[in-house]
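Student: Below is the structure I would like to discuss, written out as structure tokens.
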Amino acid sequence: MSLTRKQISILMQLVAETSPDEMDCGDCLDHLAEFAETHLEGRPLSDALSEVQTHMKNCPCCEHEFQSFLEALQGIAEGE
């Protein structure tokens, strides 16, 4: 399988944006509930939660998990 120029460009951009101490998916998911609560309350992000946000910009899987969790929290709040 060969990559298109666009795919190579996207891959190179993602590699350039990666840092050696970047959060992985496991760490992101560990902080997801706190991130969602902070987001819903409109509080400023701590350094750790800023890393969660950065990770989700580059990880569609974690972003999807966050959106699903956020929808669940909003549904619970509406049911109260």
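The values are calculated or read from the model by the stated rules, or taken from the named source; none is laboratory data. Fair warning: this is a prediction, and the values are worked out from it, not measured in the lab. All Cβ positions, glycine included, derive from the backbone under ideal geometry; neighbour counts span all protein chains shown.
Student: For residue 77, only one of the following conditions fails: (1) in a helix (DSSP H, G or I); (2) modelled with pLDDT of 85 or more; (3) surrounded by fewer than 11 Cβ atoms within 10 Å (Cβ to Cβ); (4) not polar (S, T, N, Q). What is its number?
Tutor: Here residue 77 meets the rest and fails (2).
Student: Continuing with the same structure: Restricting attention to the range 1-55, which residues are surrounded by 11 or more Cβ atoms within 10 Å (Cβ to Cβ), more than 11 Å from the chain's Cα centre (by Cα) and not in a helix (DSSP H, G or I)?
Tutor: Once the filter is applied, which keeps residues that are surrounded by 11 or more Cβ atoms within 10 Å (Cβ to Cβ), more than 11 Å from the chain's Cα centre (by Cα) and not in a helix (DSSP H, G or I), the range 1-55 yields 22, 45, 46.
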